[in-house]
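Beneath this line is the structure, given in structure tokens, with notes to follow.
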Amino acid sequence: MSEIAVELIPDSEQGGFTARIPDIPAYGEGETEEEAIADLREAIRGYIEAFGLDDALVRIALPTIRHLDWDLTELARG
């Protein structure tokens, strides 16, 4: 069993959290981090049923996360 990185995104407007695994198009939502992770688990189960375990494993084995040095205030100005 291997560890999987889960991104937790707080919703500052409505409260709660969104959970996702980079490179798998499935999301979980909940009032708490734990609820969002549980919902994500169900979404991943559905993804695997639809696209197969091999597809999911390839996506988490080869993440395409990039860290970019962007100045968001500059981007907001256009």
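Just so it is clear, none of the values below were taken in a lab; they were calculated from the coordinates. Because the structure is a prediction, the values reported are computed rather than measured. Heads up, the Cβs are rebuilt from the backbone with ideal geometry, glycines too, and the neighbour counts pull from every protein chain shown.
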One would report the Cα pair-distance distribution of segment 7-77, bin width 10 Å, in %, as 19, 36, 31, 12, 1
To the nearest 0.05, the calculated FRET efficiency linking residue 73 and residue 13 through their beta-carbon distance, R0 being 25 Å, is 0.80
Listed residues 57, 40, 68; largest mean-square fluctuation, Gaussian network over the chain with Cα springs below 10 Å, found at 68
Correct response: the longest run of the chain lacking exposed GluC sites (Glu not before Pro), defined by DSSP loop and at most 16 other Cβ within 10 Å, is 32-78
Which of 44, 21, 60 fluctuates most in a GNM of the chain (C-alpha springs under 10 Å)? That residue is 60
Relative contact order of the chain (C-alpha contacts under 8 Å, at least 6 apart) in percent is 21 percent
